[in-house]
Each structure stands twice: as structure tokens, then as C-alpha cells.
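Engineer: Have a look at this one before I ask anything.
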Amino acid sequence: MVKKVAIVGAGPCGLLLAHYLLRRQEKYQIDIFDFRSDPRTISFSKSRTFSIVLSQRGINALQQIAGLEAAVKAMSLEVNGAVIHQSNGKMRVINRRYQTWSLDRTDLVISLLEQLTTKGDRVNIHFNHQCTQVDFTAKQVKFKKIEPEAEIIFDYDLLIGADGARSVIRESFLDTDNFECEQKYAPNDYKSIFLPNPDQQLGNKWQPDKVHSWRLDDGTNVLLVYQIDKSLSGVVVFPHQNKAIAELTTTEKVLSYFHQNFPEIAPLIPSTEAGDFVNRPVSRVPTVRCNRYHHGDSLMVMGDAAHAVSPALGQGCNAALEDVVIFDQILDECADDLPVAVEQFTNHRQADGNALVELSDYAFPNSKKLFFELLLRNNLSKYLHPILPKFFLPSLFELVAEGKLSYSEILNLYQDWISRVKKSNHSILSN
Ligand SMILES: Cc1cc2nc3c(=O)[nH]c(=O)nc-3n(C[C@H](O)[C@H](O)[C@H](O)COP(=O)(O)OP(=O)(O)OC[C@H]3O[C@@H](n4cnc5c(N)ncnc54)[C@H](O)[C@@H]3O)c2cc1C
């Protein structure tokens with residue numbers, strides 16, 4: 001019998017999951033619900049989107065669906081390393097062995113959606129539907145339809161919460177026995193920034209295939225990535241306690257702050273962008289660790305809903321896409337026995353989700369001394385790991401991005417470093 005699957009959340013995770021389920025020989029009828037409008041039909045607000053770098057884990061997940069890799073790649077720019085811009089104007093270039101793609105989150109969602117809507121009537125997508133409640137016993141999920149206003153009740157055989165860090169589906173687990181969930185804010189807040197093509201002013205001085213970063217001693221970082229249209233998109237990341245960015249309340253203050261602190265970036269900021277920057281909200285990033293990702297025999301959370309992380313390592317979306325591959329493998333192993341599959345998803349993935357939260361929170365130290373140690377370790381590991389593997393670990397960033405080891409295995413290897421950074425960051429933040 002065809003099973004009715006309800007996916008709450010038409011983000012990268014929910015949409016990729018629909019692609020994977022549709023491959024499974026007509027076993028599933030899929031309905032996807034999202035409270036936002038269809039991003040293909042509305043122009044999206046820049047305060048709602050940001051650039052995402054997809055590394056091998058995410059790219060592998062796309063490659064398994066015919067046409068998806070090409071569609072997403074067409075919206076992306078290839079990135080193969082980073083440039084650290086130092087305060088003396090010098091640049092430190094870090095080349096990576098692997099390829100990554102940089103693209104806007106909304107463009108990623110649009111690609112996944114466009115490919116999905118060519119796949120017939122086994123999938124329906126309902127925008128402007130906000131999930132409000134789940135009834136586990138009746139296997140019903142409730143939505144508030146936004147226009148025209150209505151309450152919709154949907155019967156499901158399998159309900160998947162891919163509804164992001166503030167998941168309503170995960171909230172519904174809170175009343176169940178033995179469910180533990182820690183929700184915290186990441187230590188750093190951020191504001192998005194968008195700059196026009198810098199090459200007209202800089203004359204190709206910056207490499208477009210690198211992530212560009214600047215760092216101040218007070219822990220403020222600017223990360224900029226080229227987009228396919230040659231513009232730069234990025235974030236200003238800063239410790240929550242640091243109010244300097246939040247206090248930039250006029251165009252003049254924004255421009256003067258960048259002139260003083262990031263003189264290479266300042267000339268690239270048009271006054272319209274400085275004005276928009278003032279009006280963009282400071283965003284806090286929730287992080288989530290749970291002791292299980294399923295409830296009963298027919299309910300599960302995935303992606304940010306299960307393990308929201310700080311964007312520091314650029315892995316949230318990669319992990320969300322990798323979740324789908326893992327669930328697909330589980331369905332293969334248990335011949336689509338859904339009660340077994342949802343439980344196995346917790347068994348296979350929960351430790352990795354929690355390990356990723358830890359790695360993302362503490363891979364990067366706030367201390368200047370430890371930061372230089374990190375750069376040094378990273379450089380040395382390239383040359384010394386191949387000849388002295390017992391004494392020099394491979395680069396943490398390479399391991400995370402390549403995806404050959406699970407996040408738990410990487411955390412095991414890097415536990416000493418993570419513990420040191422955790423101790424140091426906590427002592428800096430408590431001073
Ligand atoms: C500044 C920034 C930079 C980042 N950079 C990277 C990066 O470089 N690489 C990387 O891998 N990750 C990055 N991430 C993380 C990445 O964006 C997320 O991990 C990823 O989007 C998670 O996908 P998801 O589908 O699980 O959840 P989301 O993308 O959050 O999608 C959830 C969907 O659910 C919908 N929804 C929510 N609640 C409801 C409800 N009640 N009813 C109906 N629908 C609902 C939302 O509208 C949304 O469409 C970054 C994040 C930030 C904030």
C-alpha cells in the first residue's frame with residue numbers, strides 16, 4: 001500500500017528528502033508544507049537569505065539524484081580554499097584539496113524545487129501552511145493556512161519535521177517520556193552583508209574561488225564569498241556580548257566603522273548597502289542537541305530541526321543533506337519498514353548530530369594565540385600528516401568537508417583541541 005508522507009519544511013533537507021523518497025518505486029505519496037511563500041514567485045528579502053558553501057557531504061547527497069548536481073552547480077561558484085586578510089594588508093592563502101560550491105540558500109531551495117515539480121503527481125507542495133500541532137495517536141498534523149485563512153488537518157503514515165532550528169515538530173516531542181533537548185544560542189551573532197562586484201575597484205586582486213576572511217582582536221569576523229554574478233555575499237560574525245555592530249544605527253556609522261576596522265572592505269560598500277545593513281536585524285543562531293530524533297513508529301526530525309549548529313564550520317546544510325542519504329540507506333536496509341527506519345535514524349545519526357554541534361561551537365578559538373596555533377597546525381598537517389600520521393592529524397577542516405569520516409569520528413580525533421578551545425573561549429567570555 002502507498003504510504004502517506006508529510007514533510008514539514010520546504011528547506012534544503014525537506015526538499016531533498018522528497019527527491020529521495022520519490023525514487024523508491026512508488027511506495028510513497030508525499031505532501032510538503034512550508035509556512036513561507038513559494039520562493040520562485042516572490043522576490044526574497046536579503047535579510048532572510050545568506051550564502052551557503054556546500055562541501056563534499058552535501059555535493060555527494062545531490063549527486064545521487066539525476067539532474068540535481070547539474071542544476072545546483074549551475075547556480076553556484078566553485079570555491080577551493082580561503083584567504084585570510086591580515087591587518088598589515090598581507091593575505092594568507094589556504095588551498096584545499098577538495099572542491100566546494102558557494103551559492104545563495106534561496107537559490108539552492110529554488111533548484112531543488114524546480115527539479116521536484118517535474119516529477120509528477122506523487123508530490124504536492126503546499127506553501128503558506130504553518131504547522132501548529134501534531135496528534136501522535138491519531139497520526140494527524142494540523143496546519144494554519146495563511147490565505148485564505150483555514151485550518152487543515154492532514155493524516156499521515158510518516159511525519160517528518162524538516163522545519164529548521166525552531167522546529168514545531170521537535171517541540172511536540174517535549175511532552176513525551178525520556179526526551180531531552182538542549183537548545184542554546186551559539187556564542188556568536190551575525191549580520192548579513194552584500195557587496196557589488198569588487199573587481200571593478202580592485203582589478204581582480206582577490207581570488208574569486210576562495211572564501212575571504214578578516215578578523216579583529218575582539219572576535220569580530222567578516223567572511224565574504226563570491227557569488228555566481230561576481231557579487232560578494234557574506235556575514236559579519238561577532239560575540240553576542242560585543243555590541244559594536246548592533247550599535248551601528250546610521251549609514252555614516254556603518255561606513256566609519258568599516259573604514260576604521262576593515263579598511264579593505266570599506267571602499268566596496270555602497271551607501272545604499274550601508275543603509276540596508278543598518279536595517280537588517282542582528283541574527284542569533286540557535287543550536288540544538290537532542291537525545292533522539294524520532295518518536296514512536298511514525299515521526300522523526302531531520303536537518304536543523306534535529307541538530308541546528310553554529311555556521312562557523314559551514315556544515316549545517318551539508319549535514320542536513322547527509323541526513324537524507326543516511327535515512328535512504330536505512331530504508332534500503334530495512335526494506336522500507338517505517339517503524340524500524342525511524343528508530344534506526346536516531347541510532348545511526350544522533351551521536352553525529354551532537355558531535356557536529358560541539359565541533360561547530362569550538363573548532364575556532366576566540367583567543368588570538370590559539371587562532372595562530374590553529375593556522376599553524378592546519379598548515380603543518382598538510383605536509384606532516386602524510387609522513388607522520390601518528391603525530392600529526394589531518395586538517396580538521398579537510399576532514400569535516402571531505403565527509404569520509406563521520407562527525408563523531410572527527411570529534412574523537414580532535415577531542416583535545418576542542419576541550420582546549422572550549423576552556424579558553426569560556427574563560428574569555430566570562431571576563
Ligand atoms: C549565516 C549562515 C550561514 C550558513 N552557512 C552555511 C554554509 O556555508 N554551509 C552549510 O552547510 N550550512 C550553512 N548554514 C546552515 C544552513 O543554512 C542550515 O543548516 C540549513 O539551511 C538547514 O536546512 P533545513 O532544511 O534543515 O532547515 P531550514 O533551511 O531552516 O528550512 C526549514 C524550513 O521549514 C519551514 N518551517 C519552519 N517552521 C515551520 C512551520 N511551523 N510550519 C511550516 N514550515 C515551517 C521554514 O520556512 C523553512 O523553509 C548557514 C546558516 C547561517 C545562518
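The values are calculated or read from the model by the stated rules, or taken from the named source; none is laboratory data. Bear in mind that the values here come from a model prediction, so they are computed numbers and not experimental data. Note: ideal-geometry Cβ built from the backbone for every residue, glycine included; neighbour counts use all protein chains shown. Heads up: the accessible areas ignore ligands, DNA and RNA and are worked out on the full protein's heavy atoms, side chains in. Shrake-Rupley method; radii C 1.70, N 1.55, O 1.52, S 1.80 Å.
Engineer: When residues of segment 321-356 are filtered for being in contact (Cβ under 8 Å) with a residue 60 or more places away in the chain, in contact with a Cys (Cβ under 8 Å, 6 or more places away or on another chain) and open to solvent by less than 10 Å² (accessible area, probe 1.4 Å), how many remain?
Structural biologist: Matching residues across segment 321-356 total 4.
Engineer: Further question: Quick one: what pairs do we get from segment 226-249, first residue within 18 Å of ALA274 (Cα to Cα) and part of a strand (DSSP E or B), second open to solvent by 30 Å² or more (accessible area, probe 1.4 Å) and among the basic types (Lys, Arg), C-beta under 9 Å, 6+ apart or different chains?
Structural biologist: Here the result reads SER233/LYS46, each pair linking segment 226-249 to a residue that is open to solvent by 30 Å² or more (accessible area, probe 1.4 Å) and among the basic types (Lys, Arg).
Engineer: Here is a list: LEU370, LEU380, LEU396, LEU384. Which entry is under 24 Å from ASN318 (Cα atoms) and not assigned by TED's automatic domain parsing to the domain that holds HIS85? Explain how you work it out, then say what you get.
Structural biologist: On the way: LEU370 fails: under 24 Å from ASN318 (Cα atoms); LEU380 fails: under 24 Å from ASN318 (Cα atoms); LEU384 fails: under 24 Å from ASN318 (Cα atoms).
Answer to the check: LEU396.
Engineer: If I ask for residues that are within 10 Å of the ligand (Cβ to nearest atom), of a type outside the set (Ser, Thr, Tyr) and in a loop (DSSP other than H, G, I, E, B), which ones from segment 163-179 would you list?
Structural biologist: Scanning segment 163-179 gives ASP163, GLY164, ALA165, ARG166.
Engineer: Looking at segment 103-130, I want the residues that are within 24 Å of PHE50 (Cα to Cα) and have a partner that is of a type in the set (S, T, N, Q) and surrounded by fewer than 17 Cβ atoms within 10 Å (Cβ to Cβ) with Cβ atoms under 9 Å, at least 6 apart or on another chain. Which pairs are those?
Structural biologist: That search, which allows pairs on different chains as well, returns ILE125/THR117; PHE127/SER37; PHE127/THR41; ASN128/SER37.
Engineer: Now for a separate question. Name the single residue that is nearest to the chain's Cα centre (by Cα) among those in segment 133-164 being aliphatic (A, V, I, L, M) and surrounded by 20 or more Cβ atoms within 10 Å (Cβ to Cβ).
Structural biologist: If we filter segment 133-164 for residues that are aliphatic (A, V, I, L, M), which is where we start, we get 134, 138, 141, 146, 150, 152-153, 158-160, 162.
Remaining after also requiring surrounded by 20 or more Cβ atoms within 10 Å (Cβ to Cβ): 134, 141, 158-160, 162.
Values: VAL134: 26, VAL141: 26, LEU158: 25, LEU159: 22, ILE160: 18, ALA162: 13 Å.
Once the filter is applied, the top-ranked residue is ALA162.
Engineer: Just to be sure I understand, how many residues within segment 306-351 are more than 16 Å from the ligand (Cβ to nearest atom) and outside any helix (DSSP H, G or I)?
Structural biologist: 4
Engineer: Let me ask another. ILE245 - would you say it is within 23 Å of PHE194 (Cβ to Cβ), more than 16 Å from the ligand (Cβ to nearest atom) and open to solvent by less than 60 Å² (accessible area, probe 1.4 Å)? Step through it out loud before you land on a result.
Structural biologist: Values: within 23 Å of PHE194 (Cβ to Cβ): yes; more than 16 Å from the ligand (Cβ to nearest atom): no; open to solvent by less than 60 Å² (accessible area, probe 1.4 Å): yes.
Answer is no for this residue.
Engineer: Please state which one of ILE146, ILE125, ILE160 is within 18 Å of LEU338 (Cα to Cα) and within 14 Å of the ligand (Cβ to nearest atom). Even if it seems obvious, please write down each step before you answer.
Structural biologist: Details: ILE146 fails: within 18 Å of LEU338 (Cα to Cα); ILE125 fails: within 18 Å of LEU338 (Cα to Cα).
Sole residue among the options that is within 18 Å of LEU338 (Cα to Cα) and within 14 Å of the ligand (Cβ to nearest atom): ILE160.
Engineer: If I go through segment 387-411 residue by residue, how many of them are open to solvent by 90 Å² or more (accessible area, probe 1.4 Å) and either touching a Phe, Trp or Tyr at 6+ places or on another chain (Cβ under 9 Å) or among the aliphatic types (A, V, I, L, M) (or both)?
Structural biologist: Number of matching residues: 1.
Engineer: Return the pair list, or none, for Cβ contacts closer than 7 Å from residues in segment 144-167 that are of a type outside the set (Asp, Glu) to residues that are part of a strand (DSSP E or B) and surrounded by fewer than 13 Cβ atoms within 10 Å (Cβ to Cβ), at least 6 apart or on different chains.
Structural biologist: Final answer for the pair search is LYS144/GLU151.
Engineer: Still on this model: Could you check segment 248-276 and list, in sequence order, the residues that are over 25 Å from GLN86 (Cβ atoms) and open to solvent by less than 60 Å² (accessible area, probe 1.4 Å)?
Structural biologist: Listed by number, the residues that qualify are THR250, THR251, PRO270, GLY275.
Engineer: Right, another one. Give me a count of the residues in segment 292-305 that are closer than 23 Å to ILE418 by Cβ and more than 8 Å from the ligand (Cβ to nearest atom).
Structural biologist: 1
Engineer: For segment 165-208, give me each residue that is open to solvent by less than 50 Å² (accessible area, probe 1.4 Å), modelled with pLDDT under 95 and among the charged types (D, E, K, R).
Structural biologist: Within segment 165-208, ASP189, LYS191, ASP199 qualify.
Engineer: Residue check, GLN201 against (1) within 14 Å of the ligand (Cβ to nearest atom); (2) in a helix (DSSP H, G or I); (3) touching a helix residue (DSSP H, G or I) at 6+ places or on another chain (Cβ under 7 Å), all met but one. Which one?
Structural biologist: Condition not satisfied by GLN201: (1).
Engineer: Would you mind telling me which numbered condition in (1) outside any helix (DSSP H, G or I); (2) over 25 Å from GLN329 (Cβ atoms); (3) within 13 Å of the ligand (Cβ to nearest atom); (4) not hydroxyl-bearing (Ser, Thr, Tyr) ILE110 fails?
Structural biologist: (1)
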